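Structure, as structure tokens:
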Amino acid sequence: MDPTCSNQIAQIMLEGMQEVVGADNLRGLFNPNLASEPRLSYKDVCQFQEVVETSFGARGGRGVLCRSGRAAFKRFLPGFWRHLGLTNLQYRLMPTPARMKLGLRALALAMSEMYDQEIEVEDGGGRWVWRMKTCPHCYQRLSRGPVCDFVVGVLQEYLSWTSSGRFFMVEEVECIAAGDASCCIHVDKRPLD
């Protein structure tokens, strides 16, 4: 039996995707009934990503998925951050590196609950290492390179939000779809600007 994740991730993905491609284009890409199911299989999430890449081309689809992840973060924020304490004044007054560390770990915890898996965040010196040992975005998929662009977009937008608009390099360096043991995303600690 395929692993499953919360339908909250489907709703967040759909809302982010709708902001990027519009409601009309979205209807042709995704079965909206899937978002109403209590659990969503990893296979469904992966197939949705493959449909986006097929519809917009490999490069265009990856860009759409990354932008959708950025847009989806705005939907994710109100429902999850308040109970994690990441919107209170004490958090906002922390130095940016401390906010990044606390927020990445809180985001990993929240996304772990939605994906029904463990996400690890490790300090890798000049970068944070975000590691998923199972991943619905590339489940049972084969690819020449990383394909978890939605997650990359979510992380990019979180970092921009927590740093008052600065841009940090976020790059998936390992992917299960490419034959790696886990999906590994590097998040530089220093902004590009």
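Could you run through segment 158-173 and say how many residues are within 22 Å of Met13 (Cβ to Cβ) and open to solvent by 30 Å² or more (accessible area, probe 1.4 Å)?
Here the count works out to 2.
Being touching a helix residue (DSSP H, G or I) at 6+ places or on another chain (Cβ under 6 Å), assigned to a loop (DSSP other than H, G, I, E, B) and either open to solvent by 20 Å² or more (accessible area, probe 1.4 Å) or at positive phi (or both) is the filter here; which residues of segment 119-141 pass it?
The answer is Tyr139, Arg141.
Could you count how many residues in segment 153-165 are out of contact with any Cys (no Cβ under 8 Å at 6 or more places or on another chain) and either within 21 Å of Val20 (Cα to Cα) or of a type in the set (Phe, Trp, Tyr) (or both)?
8
So which helices (runs of 4 or more DSSP H) stay within segment 3-72 end to end and still have 2 or more residues that are touching a Cys at 6+ places or on another chain (Cβ under 8 Å), on the phi < 0 side of the Ramachandran plot and not acidic (Asp, Glu)?
Once the helices (runs of 4 or more DSSP H) in segment 3-72 are filtered for at least 2 residues that are touching a Cys at 6+ places or on another chain (Cβ under 8 Å), on the phi < 0 side of the Ramachandran plot and not acidic (Asp, Glu), what remains is 42-56.
Only residues in segment 96-122 that are touching a residue at least 12 places away in the same chain (Cβ under 8 Å) and of a type in the set (Asp, Glu) count as the first member; pair them with residues that are part of a helix (DSSP H, G or I) and open to solvent by less than 50 Å² (accessible area, probe 1.4 Å), Cβ under 9 angstrom, at least 6 apart or cross-chain, and list the lot.
Glu113/Phe80; Glu118/Ala108; Glu118/Ser112; Glu120/Ala108
Look at Leu159 and say whether it is among the hydrophobic types (A, V, I, L, M, F, W, C), at pLDDT below 95 and closer than 21 Å to Leu102 by Cα.
It is true that Leu159 is among the hydrophobic types (A, V, I, L, M, F, W, C), at pLDDT below 95 and closer than 21 Å to Leu102 by Cα.
The values are calculated or read from the model by the stated rules, or taken from the named source; none is laboratory data. The structure displayed is predicted, hence computed values, not measured ones. Counting neighbours? That spans all protein chains shown, and the Cβs are built from the backbone with ideal geometry, glycine included. In case anyone asks, the SASA skips ligands and DNA or RNA and just uses the protein heavy atoms, side chains included. Shrake-Rupley method; radii C 1.70, N 1.55, O 1.52, S 1.80 Å.
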